[in-house]
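Asks: Take a look at this one; I'll ask things after.
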Amino acid sequence: MGGPRRMSSALLLPFALLSLPPVIAFNATAYREEVESSLRLVHAVATGATGALCVTHRYGRLRAPLHAARWDTARARADLAANMLHQLGLENAEVLTAVSQSLVMGASAAERAVGARAIVLQPDGIIEGSIAWERYGTGEPIAVPAPPRDNPPDPEYPWYVSAYQTEELRSSKFMPSPPGAAMGGWWTYPYYSCESERWLLSYTAPVSKIRGLSGVVSLDIDISNLEINQCEAENDEENDNQIYSFHGTHKCPNETTFCIYKPNREMNARHAGWARGSYICKCRPGYYSLQHPEGYNGSLVEVAFQEYEEGGLENWSEPYECLKCQPGCDTCKGPKPCLAKYNWPFRISLLVISVSCAGLTICLTFYTRHHRRVKVIRVASPVFLSITLLGCAIMYMEMAAIFPVLDRYSCIATKWTRHMGFCITYTALLMKTWRVSLTYRVKSAHKLKLTDKQLLQWMAPILLIMLVYLGTWTLSSPPDAEVITDDNGLKFKQCTYNWWDHSLAIGEILFLLWGVRVCYSVRHAESLYNEARLISIAIYNIFSVNSFMITMHLLILPHAGPDTKYLLGFVRTQLSTSITVLLVFFPKVFRVIRGTGDTWEGRAHARGVPPSSSLNGIGLVADEAPDLYQENEELKEEVQKLAAQIEFMKIVQMEMHNRHLRPRPGSYFSQALPLSPVHANTNVQEVSEWGGPV
């Protein structure tokens with residue numbers, strides 16, 4: 001049985017040429033047309049319209065190759081049978097019968113064929129002898145009529161090609177062999193047998209010439225259990241029960257739909273998978289169909305495409321295309337919008353107000369700088385007033401950062417304007433209040449002086465920490481915009497909130513609590529122009545507004561729309577920033593406009609507080625060279641006080657040692673005073689009546 005076999009050149013030439021690469025380049029259009037022709041044949045068989053086919057022909061061949069590796073066991077049995085006939089000879093009818101019968105025997109379906117035949121040919125191609133077998137189910141094989149003797153084999157047989165009856169160098173009946181395949185024969189293309197009414201695949205192995213005779217051994221495999229999947233298949237190994245040639249031949253409009261394979265279970269179980277259009281055209285994400293929400297039937301799509309090919313019907317795919325969803329919809333079931341609408345006129349009006357407030361704040365900074373020598377502004381430290389106004393202007397600009405549809409850059413601007421503006425404003429106010437707290441708690445006679453330079457040195461580390469935190473946040477994990485939904489399920493973008501936000505929020509809350517504690521500790525402190533009390537009220541207001549807005553965002557209105565959130569941001573900015581500006585700067589501006597900015601409060605003046613220092617630390621403490629104007633003012637007040645004291649002592653001494661003056665009743669000298677040594681003999685009655693020296 002070993003050793004190479006030599007085949008008849010006349011018979012085997014077409015078989016040998018099958019394994020050679022094609023000379024002409026592969027024509028994709030022709031191949032596509034052949035596959036479409038095969039699909040029409042499958043549709044005719046599936047619908048029972050085989051009259052024309054089975055009347056004029058006995059076989060309907062597909063031009064759709066498939067993977068035949070699953071039947072390698074049966075193929076090996078056919079190769080073995082051809083080798084045995086080569087070794088034992090073709091003249092013995094018993095050997096021919098036994099070998100051909102063994103092809104339809106087998107323990108498993110992969111080994112067992114449903115039909116087999118062995119044919120002995122004369123040198124001129126006439127049949128010398130033949131025998132054929134068929135087997136149904138698990139029954140015993142039975143002999144069936146074989147090709148008649150003394151005639152050449154019918155050229156319509158799918159499993160036979162005669163070198164005398166074809167001029168083709170490569171037979172179109174057989175599939176190309178896989179590269180590197182060790183096969184003695186070739187597989188046919190799938191075909192439909194009208195006689196047996198099933199889909200078959202045949203393997204033909206030639207027998208080389210022995211003593212003037214040659215032969216052919218062929219077996220048939222029932223492939224009616226295969227499936228025709230016209231959808232795309234990413235992995236052919238997982239779909240080995242499908243004919244790969246039909247993958248991707250669906251007619252779904254690829255722009256709006258995609259193909260989902262759906263086996264046809266309504267047909268005969270033997271032909272359940274052999275049907276054209278066994279798929280559904282499902283709408284792609286972002287598209288919808290009101291009439292067919294579950295998808296379009298592939299059979300109807302195939303019929304429409306066939307009408308288009310036969311009659312040139314235009315826009316054939318329009319009824320099977322899905323409509324595009326509204327912008328922002330990943331999936332939808334209708335034309336309902338998915339994106340929340342922005343009320344741009346409303347947002348522009350709020351933005352104009354915020355930008356105007358920021359502009360007024362900048363103007364107020366220059367106004368404060370211009371009137372820095374006015375007492376009402378000078379004692380409140382123009383440097384810290386300017387810093388406070390700068391922080392307020394930055395906080396106002398947050399409304400410009402959150403105005404457009406948010407993206408990464410607008411979210412970065414939002415975080416910087418919100419937190420940096422808050423840190424600058426709140427720290428400036430808190431430093432001034434902290435100075436009041438320190439001076440208010442001093443118990444010694446020596447007055448504690450805290451200059452603006454010292455307060456700026458304390459303020460710098462706080463601002464530096466905020467700068468480093470925001471810079472690290474921006475560089476390492478910049479905040480981005482995420483899509484959220486409102487109460488109506490409409491989507492819009494909001495800046496992400498993660499542990500960076502939570503950590504900073506916790507730090508700001510602790511900072512606010514510390515400021516509230518400092519304000520509470522100086523609640524009884526007195527200051528010029530009621531400065532400490534107004535700043536404390538501003539800090540209380542900032543803490544209350546931020547706490548309330550956090551509650552609004554997290555608990556009361558967690559799914560508010562974009563315009564509502566923009567309105568909440570505007571309200572928070574106005575309630576915290578605008579009220580701070582009004583509390584701290586409106587009384588000062590009002591005094592300057594009325595012309596009373598250089599007038600000291602009556603309470604401070606009555607207690608003799610010098611203009612260089614307020615009652616409890618809020619006041620002007622020169623950080624630079626002494627101001628001559630300031631020194632003159634202080635010198636005048638000190639001279640006036642000294643002159644008043646000298647005059648008072650002069651009067652006291654004159655009346656105490658002048659016996660010629662009689663004190664007025666009820667005056668300071670009407671009270672009992674020590675007697676002069678000159679009047680040692682004066683009686684008690686006179687002293688009690690007059691009550692003072694003369």
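Asks: Out of Thr73, Thr29, I need the residue that is open to solvent by 30 Å² or more (accessible area, probe 1.4 Å), of a type outside the set (A, V, I, L, M) and modelled with pLDDT under 85. Which one?
Replies: Result: Thr29 is the single residue among Thr73, Thr29 that is open to solvent by 30 Å² or more (accessible area, probe 1.4 Å), of a type outside the set (A, V, I, L, M) and modelled with pLDDT under 85.
Asks: Name the one entry in His292, His250 that is part of a loop (DSSP other than H, G, I, E, B), farther than 30 Å from Arg198 by Cβ and more than 28 Å from the chain's Cα centre (by Cα).
Replies: His292
Asks: What are the pairs, 6+ residues apart or on separate chains, where a residue within the stretch 140-155 that is within 15 Å of Leu96 (Cα to Cα) has its Cβ under 7 Å from a residue that is open to solvent by 80 Å² or more (accessible area, probe 1.4 Å) and not acidic (Asp, Glu)?
Replies: none
Asks: Of all residues being of a type in the set (Val, Ile, Thr) and under 16 Å from Val207 (Cβ atoms) in the stretch 127-142, which is nearest to the chain's Cα centre (by Cα)? Just the residue, please.
Replies: Ile131
Asks: Right, something else. Can we say Pro158 is part of a loop (DSSP other than H, G, I, E, B) and open to solvent by less than 30 Å² (accessible area, probe 1.4 Å)?
Replies: yes
Asks: Hey, another quick one. Quick check on Val120: is it of a type in the set (A, V, I, L, M, F, W, C) and either in contact (Cβ under 8 Å) with a residue 60 or more places away in the chain or under 18 Å from Tyr189 (Cα atoms) (or both)?
Replies: Spelling it out, Val120 is indeed of a type in the set (A, V, I, L, M, F, W, C) and either in contact (Cβ under 8 Å) with a residue 60 or more places away in the chain or under 18 Å from Tyr189 (Cα atoms) (or both).
The values are calculated or read from the model by the stated rules, or taken from the named source; none is laboratory data. Predicted model only: the values in this text are computed from it and were never measured. Ideal geometry is used to build each Cβ from the backbone, glycine not excepted, and the neighbour counts take in all protein chains shown. Calculation scope for accessible area: heavy atoms of the full protein, side chains included, ligands and nucleic acids excluded. Shrake-Rupley method; radii C 1.70, N 1.55, O 1.52, S 1.80 Å.
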